[in-house]
Amino acid sequence: MAETRQSIHGQWTSRFAFILAATGAAVGLGNIWKFPYIAGENGGGAFVLVYLLCILLVGGPLLMSEILLGRRGRQNPINSIRSIAKDENRSKYWAVIGLMGIVASFLILSYYSVIAGWALDYVFKSGMGQFAGQNAQSIDATFDKFIANPWALIFWHTIIIGFTVFVVARGVQKGIESAVRFMFPLMVVLLLILVGYAMDTGYFFKGVEFLFHPDFAKLTPEGFLTALGHAFFTLSLATGSIMMYGAYVPKQSSIATAAIWIIIADTAVALISGLAIFPMVFANGLVPSAGPGLIFQTLPIAFGQMGFGRIFGTLFFIMLVIAAFTSAISLLEPTVAWLMERLKIMRLQATIFAGIGIWLLGIGTVLSFNAMPGHFLFGMNFFDFLDYLTANILLPLGGLLMIIFTAWVLPRHTTEDELNMKGKVYYRLWLYGSRFITPFAILVVFLGSLGLFNGF
Ligand code: TRP
């Protein structure tokens, strides 16, 4: 029965299309905005090494699990897991993993879209030459003034959600696949142009050294946790985004090969972004550990001082918007598929409903930068609360349950069959890694993120 299940939402035209869409989902603000600054804050090289290890030990096995669950279930994450559990006579309550994923993707998109909106605004700021000749103070002031204006943030947030709804409403092949097919290559070309520009600063090797020279003295226990948490976020794991995309993968395609390509591409984009950003930062005498402001506050100073900075600055923010956009699409799809299956409504309606809900929730994030900066819950503003709830609780917990479900609860022959790895050594590698390494690594991050290891 499981073999003949079809998705009512359609299918990718090829495995390549799936790899492109999933890589588009994985590569986003996480790679270009977050990775460089957390690497900067945690000392560079040594952190990068730990991060690569996390991608290998946790990211890889979980990525394969999530694709296999999606392809076997071929429905929205809740129904997929419920059907698979039913096929194997396991408890239907495992479907809670799917529910947590849908909730997480809904919440993440609500704030992700606001930040993507900042990037879109910066395309225009840069294009109009607003950074030229500015100093750190005036660039900070520009940023502060911008986020203090709720109307501006709502405007850009609306545009991002609007385009995301437009693409997702057109369906899997005509919407998502065709958008990613031209956007992802464009993003890569822009990235390479920017690395070329960074090489020209004369500080390229300072950037290389910063990213690849490991100085273990700079690595803290929190650095490990940050690295593992980021491995989840950057590969879009545990929210059902990848499961949803997996539901559209043709039957014969090798899941392991797809996972390897997605990981290579995602990691390459993160590292290459670092190689584009750090030389510009160093060449202008700036510091790389500037935190979340690295892209919106430090980098514009560099663009404002460098030759052709107006052009390359604009290209940089266009690249950031495209990267964020292909991720936003993947974050909307699980909710849309769920609404379609649950309420038996058309894709267009489901997408509009989901879009309106996410747009409304996003206003909470907008207001946490201006009208409501105070405490929302547990001493955090709304944006920080959503970020904490998703990245530190829902993703690790969802990932943990997901790996336990696939590696421990499902029978071996089922996973072996779905991975198309009958009798292969690699299957055992995946199985034992997923049973004995991945869950413990996740448990460590999870407990660590709750602060249980504080004081060590
Ligand atoms: N991976 C994307 C990034 O690095 C963000 C993203 C897209 C995501 N879909 C997700 C994060 C699902 C977590 C879960 O920017």
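Just so it is clear, none of the values below were taken in a lab; they were calculated from the coordinates. Predicted, not measured: the structure shown is a model, and the values here were computed from it. Quick reminder, even Gly has a Cβ in these numbers, built from the backbone with ideal geometry, and neighbours come from all protein chains shown.
Stretched out straight at 0.36 nm per residue, the stretch from Ser14 to Met346 would grow longer than its current Cα-Cα span by 117.1 nm.
Of the chymotrypsin sites (Phe, Trp or Tyr not before Pro) in the range 263-317, the ones in a loop by DSSP (not H, G, I, E or B) with at most 16 other beta carbons within 10 Å are Phe308. Compute the Cα gyration tensor for the range 246-385, then decide on rounded, prolate or oblate, letting a ≥ b ≥ c be the square roots of its eigenvalues: rounded whenever a/c is under 1.5, prolate when a/b is larger than b/c in the other cases, and oblate in all that remain. Because a/c hits 1.5 or more and a/b fails to exceed b/c, the range 246-385 counts as oblate.
Ranked by the mean number of other Cβ atoms within 10 Å of their residues, highest first, the peptides 74-85, 153-164 fall in the order 74-85, 153-164. For the range 406-421, the residues whose amide N sits under 16 Å from a probe point set 7 Å from the Cα of Ile437 along the beta carbon direction are 407.
For Ala132 and Val96, calculate 0.36 nm times their separation in residues minus their Cα-Cα distance, and state this gained length in nm to one decimal. Can you show the working numbers first?
On the way: separation 36, 0.36 × 36 = 12.96 nm, distance 5.13 nm.
Result for the pair: 7.8 nm of gain on full extension.
Give the shape of the range 313-370 as rounded, prolate or oblate, defined through the alpha-carbon gyration tensor: a ≥ b ≥ c are the square roots of its eigenvalues, a/c under 1.5 means rounded, and otherwise the shape is prolate if a/b is larger than b/c and oblate if not. In terms of gyration-tensor shape, oblate.
Once C-alpha pairs closer than 8 Å and six or more residues apart are averaged by separation and normalised to the residue number of the range 2-449, the relative contact order reads 35 percent. Sorted into 10 angstrom bins from 0, the C-alpha pair distances of the range 347-402 split as 22, 35, 34, 9 percent.
The distance from the alpha carbon centre of the range 337-368 to that of the range 396-450 is 31 Å, rounded to a whole number.
Among 200-207, 24-31, 113-120, 53-60, what's the highest-first ranking by average C-beta atoms within 10 angstrom per residue? Provide the component values of the computation, followed by the final result.
Values: 200-207: 17.2, 24-31: 27.1, 113-120: 25.5, 53-60: 22.0.
Most protected by this proxy first, the peptides run 24-31, 113-120, 53-60, 200-207.
Applying a DSSP loop filter and a limit of 14 other Cβ atoms within 10 Å to the trypsin sites (Lys or Arg not before Pro) in the range 329-370 leaves Lys344.
Only lysines eight or more places from Lys206 in sequence, or on another chain, were considered; those with a Cα closer than 25 Å are Lys34, Lys218. Membrane-span-like helices in the chain, defined purely by DSSP H runs whose alpha carbon atoms cover 24 Å or more axially and whose average Kyte-Doolittle hydropathy reaches -1.0, are 96-127, 150-169, 178-199, 255-283, 309-343, 347-367. Direction-averaged shadow area of the convex hull around the Cα atoms of the range 185-238, nm²? That works out to 5.5 nm². The chymotrypsin sites (Phe, Trp or Tyr not before Pro) of the range 324-433 that meet both conditions, a loop assignment by DSSP and at most 11 other Cβ atoms within 10 Å of the site Cβ, are Phe378.
For the chain, what is the calculated [θ] at 222 nm in deg cm²/dmol (nearest 500), taking -39500 (n - 2.57) for each run of four or more DSSP H residues and dividing by its residue count?
Values: 21 runs with 304 residues, N = 456.
Counting only the DSSP helices, I get -21500 deg cm²/dmol.
Multiplying the residue separation of Ala141 and Asp215 by 0.36 nm and subtracting their alpha-carbon distance yields 23.2 nm.
With the charge dipole of the range 355-435 set up from +1 on Lys and Arg Cβ and -1 on Asp and Glu Cβ about the Cα centre, the Cα lying farthest toward the positive end among the listed residues Met380, Thr414, Ala391 is that of Thr414.
Please compute the volume of the convex hull spanned by the alpha-carbon atoms of the range 2-449 and report it per residue in Å³.
Numbers: hull volume 59.1 nm³, N = 448.
Given the Cα convex hull of the range 2-449, per-residue volume reads 132 Å³.
Label the range 91-199 by shape, choosing from rounded, prolate and oblate, from the square roots a ≥ b ≥ c of the eigenvalues of the Cα gyration tensor; if a/c is under 1.5 it is rounded, and otherwise prolate applies when a/b is larger than b/c, oblate when it is not. Because a/c hits 1.5 or more and a/b exceeds b/c, the range 91-199 counts as prolate.
Based on the mean of other Cβ atoms within 10 Å per residue, sort peptides 186-197, 257-268, 241-252 so the most packed one is first. Each step should come with its number before you reach the end.
On the way: 186-197: 17.8, 257-268: 19.8, 241-252: 24.8.
In descending order of packing, they fall as 241-252, 257-268, 186-197.
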